[in-house]
1. Let me check I've understood the local charge: for Asn152, count other residues with C-beta under 13 angstrom from its C-beta, Lys and Arg +1, Asp and Glu -1. What total comes out?
2. List, in order, the whole-Hz ³J(HN,Hα) value for each residue of segment 209-219 obtained from phi through the Karplus relation with A = 6.51, B = -1.76, C = 1.60 and θ = phi - 60°; use x for Gly and Pro.
3. How do Arg46, Arg123 line up, fewest other C-beta atoms within 10 Å first?
4. Grab the other residues whose beta carbon is less than 14 angstrom from that of Leu188, score K and R as +1, D and E as -1, and report the net.
5. Going by how many other beta carbons lie within 10 Å of each one, how would you line up His204, His72, fewest first?
6. So if I take the centroid of the Cα atoms in segment 91-161 and the same for segment 1-47, what is the distance between those two points in Å?
7. Would you mind checking which residues have amide H under 5 Å from Ser136's amide H? H placed 1.01 Å from N; only 5 or more apart, or other chain.
8. Residues with amide H under 5 Å of Leu2's amide H, sequence separation 5 or more or different chain, H placed in the peptide plane at 1.01 Å from N; which?
Amino acid sequence: MLLEVKNLEAGYGHAKVLFGVSLNIGEGEVVTLLGRNGMGKTTSVRALFGLTRAAAGEITFAGKRIEQAQPHAIARLGMGLVPEGRQIFPNLSVRENLLMAFIDRAWGAERWTFERVIDFFPRLGERLNNAGTQLSGGEQQMLAIGRALMTNPRLLVLDEATEGLAPVIREEIWARLEALKNTGLSILVIDKELEALCKLADRHYLLEKGEVVWSGATAALLADPDVQQTYLGV
């Protein structure tokens with residue numbers, strides 16, 4: 001397994017948010033983390049990247065234990081983040097946002113370069129000299145994904161992949177994620193678009209109050225409307 005999480009506990013101060021979360025992602029897999037707002041999805045992501053310290057449990061990435069590692073060390077191992085809210089650098093141009101993130105490495109596949117990212121997101125190529133503040137929400141999300149790809153990650157993690165985007169832009173983002181899946185990149189994605197996620201992902205984990213309450217393949221999730229209604233409200 002590329003990523004293995006066992007009995008992860010984490011929170012903020014005395015407020016515990018995660019209660020023994022376990023999940024795993026294999027090489028080339030696309031996996032989702034689902035649940036209503038406030039159930040611990042973003043805290044799980046923060047714990048994976050060392051942004052919120054794990055209080056208990058184990059996180060192993062590419063064969064190395066990382067639950068107590070610093071965020072920069074985790075990133076160097078090949079974990080790339082597209083954070084909730086995008087968090088691009090507003091005063092840097094599109095070109096600068098991309099180039100500052102570049103790490104020259106490859107994990108057995110063709111590496112991501114500035115030129116490859118622009119080919120992948122042609123709209124960014126039309127905005128190279130625009131500052132982050134001059135981009136639409138969809139363009140900012142493309143830039144956030146492109147910036148993460150510039151680190152040449154082994155695992156790409158997207159927190160709220162299409163939140164707040166217009167339907168036509170959401171479709172474009174999902175198409176780009178499908179293209180990334182076809183390259184063999186491992187992906188962990190959080191989003192509320194269940195139909196799109198089920199078309200993209202191999203497996204799913206459902207969180208409820210900081211615990212994994214269901215996990216399984218896409219076919220099993222689609223075949224169980226009771227699980228969908230109980231934990232996702234769809």
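Any read-out appearing in this document is the output of simple, stated calculations on the displayed coordinates, not a laboratory observation. As the structure is a prediction and not an experimental result, all values here were calculated from the model. Backbone-built Cβ (ideal geometry, glycine too); neighbour counts: all protein chains shown.
1. +4
2. Calculated HN-Hα couplings, in order: 6, x, 10, 6, 9, 7, 8, x, 6, 4, 4 Hz.
3. Placing the least packed residue first, the sequence is Arg123, Arg46.
4. Summing Lys/Arg as +1 and Asp/Glu as -1 gives -3.
5. Going from least to most buried by this count: His72, His204.
6. 25
7. Placed amide hydrogens put nothing under 5 Å from Ser136.
8. Counting only residues 5 or more places away or on other chains, the set is Ile25, Gly26, Glu27.
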